[in-house]
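First the structure, in the form of structure tokens, and then the observations on it.
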Amino acid sequence: MKILKYKIPIYQPFLSGNELKYLNECVKSNYVSSKGNFVKMFENKFAKYIGVKYATSCCNGTCALHLAIATLGIGYGDEIIIPTLTFIATANSIINNGATPVLVDVQNDWQINPDKIRKKITRKTKAIIAVHLYGYPCNMEELTKISKEYNLFLIEDCAEAIGCFYKNKHVGTFGDIGIFSFFGNKTITTGEGGMLVTNNHSLFTKAQYLKSHGKSAADNYLFKTFGFNFRLTNLSAAVGLAQLERINKILTMKKKIENKYRELLKNLPVEFKNGNNSNNPWLVTILVENNKVRNGLRKFLRENNIQTRPIFYPLHILPMFKSNRNEFQIAEYIADRGINLPSYPTLKSEEIKYICYKITEFYRITRLK
Ligand SMILES: Cc1ncc(COP(=O)(O)O)c(C=O)c1O
């Protein structure tokens with residue numbers, strides 16, 4: 001085995017398409033803020049790719065989620081149901097709208113448990129946020145059914161899930177509103193950036209004016225309501241457009257990486273999530289036997305210059321949430337054991353071999369002890 005002496009990061013963007021060319025065009029034209037052709041081109045191309053009528057860009061995924069909640073008129077006194085196993089931004093966007101996140105455990109597929117949602121619905125519940133965690137789809141059939149049955153809005157947090165389909169339909173197209181993130185570690189990036197998508201024209205129109213200070217389309221400086229400045233810059237949209245031009249290539253590269261990990265680790269006691277090819281393995285994630293092995297393996301890989309991440313800590317264990325931990329046993333069982341492995345598109349085959357060799361070595365050493 002060739003020993004690699006350099007650091008292997010968990011993620012890095014793949015920016016070798018038209019990114020620089022389009023950025024140059026922005027600089028030359030002086031359109032560097034949120035006015036400029038790339039914003040509209042990126043939004044239109046994104047809507048087409050996802051298969052949705054309308055898309056409006058935002059300065060990041062958290063703001064897109066914040067905007068989604070505000071657009072649906074959810075605020076003080078309202079509750080939104082979310083999975084406990086998610087990134088904190090899902091909860092932050094609710095809290096920052098003045099509403100309350102209500103946590104629900106996940107099921108064995110790591111996604112929110114629809115049966116447990118039913119038990120948490122109160123008169124204050126206004127929406128469910130389905131988080132398609134690590135690029136795998138939630139059970140949208142069941143979630144759509146519940147939201148209709150209880151007259152709740154359905155928001156899809158697809159921050160990690162571009163390229164992820166549920167029954168041949170892209171995620172983000174099932175609910176009232178879907179959002180995406182283009183942070184530097186996402187499948188496609190704009191540096192910082194996000195997108196809000198919907199099939200509902202009036203929600204789209206409202207989201208557009210709320211994200212831009214509440215400006216009405218008719219008169220730029222006639223403000224009918226308070227709003228935000230959540231706009232994406234033309235510079236970021238230029239990068240986003242170039243990235244989107246190569247989305248299929250990037251997804252193919254990422255799927256190959258996940259398959260390689262699966263193949264090389266198949267004889268070790270590590271679990272992968274069941275994929276049926278409708279997912280986008282955003283961060284390849286393995287589950288090991290227990291928390292002690294997880295922490296030991298992460299330390300061993302770090303000492304060997306291989307960066308990893310723990311699966312998200314479930315929100316209910318954070319100090320801001322005082323929750324009964326018994327309610328969230330599956331999320332804890334997954335989070336205690338999960339490790340995200342390097343997963344960027346240009347990760348070379350020899351690098352994956354090296355990472356897997358090191359994981360195998362860890363198991364050999366610990367078994368000998
Ligand atoms: C599930 C989830 N929701 C929301 C976000 C927020 O996106 P951003 O980092 O673009 O604000 C992220 C970011 O990683 C995420 O993973």
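Below is a table of values for the structure above.
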item: Residue match in segment 113-131 (condition: under 22 Å from LYS45 (Cα atoms) and within 16 Å of the ligand (Cβ to nearest atom)); result: no
item: Qualifying residue in segment 235-247 (condition: surrounded by fewer than 18 Cβ atoms within 10 Å (Cβ to Cβ) and polar (S, T, N, Q)); result: no
item: Residue in segment 50-61 that is closer than 18 Å to THR205 by Cβ and within 15 Å of the chain's Cα centre (by Cα) present; result: yes
item: Residues that are surrounded by 21 or more Cβ atoms within 10 Å (Cβ to Cβ) and more than 9 Å from the ligand (Cβ to nearest atom), drawn from segment 155-171; result: ILE155, GLU156, ILE162, GLY163, CYS164, TYR166, HIS170, VAL171
item: Test: residue in segment 137-154 that is among the β-branched types (Val, Ile, Thr), within 12 Å of the chain's Cα centre (by Cα) and under 22 Å from TYR54 (Cβ atoms); result: no
item: Extreme residue, surrounded by the most Cβ atoms within 10 Å (Cβ to Cβ), among residues of segment 318-354 that are farther than 22 Å from LEU133 by Cβ and modelled with pLDDT of 95 or more; result: ILE352
item: Some residue of segment 154-167 being touching a helix residue (DSSP H, G or I) at 6+ places or on another chain (Cβ under 6 Å) and of a type in the set (Asp, Glu); result: yes
item: Count - residues of segment 172-187 that are more than 12 Å from the ligand (Cβ to nearest atom) and either surrounded by fewer than 23 Cβ atoms within 10 Å (Cβ to Cβ) or under 27 Å from SER16 (Cα atoms) (or both); result: 3
item: Set ALA237, ALA217, ALA207: member being of a type in the set (Gly, Ala, Ser), over 30 Å from LYS348 (Cβ atoms) and within 19 Å of the chain's Cα centre (by Cα); result: ALA237
item: Cβ-Cβ under 7 Å pairs, at least 6 apart or on other chains, segment 197-214 side in the same structural domain as ASN229 (by TED's automatic domain parsing), far side of a type in the set (Lys, Arg) and surrounded by 19 or more Cβ atoms within 10 Å (Cβ to Cβ); result: LYS211/ARG231; SER212/ARG231
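The values are calculated or read from the model by the stated rules, or taken from the named source; none is laboratory data. Only a predicted model underlies this, so the values are computations on that prediction, with no experimental measurement involved. FYI the Cβ positions are ideal-geometry reconstructions off the backbone, even for glycines, and counts take in every protein chain you see.
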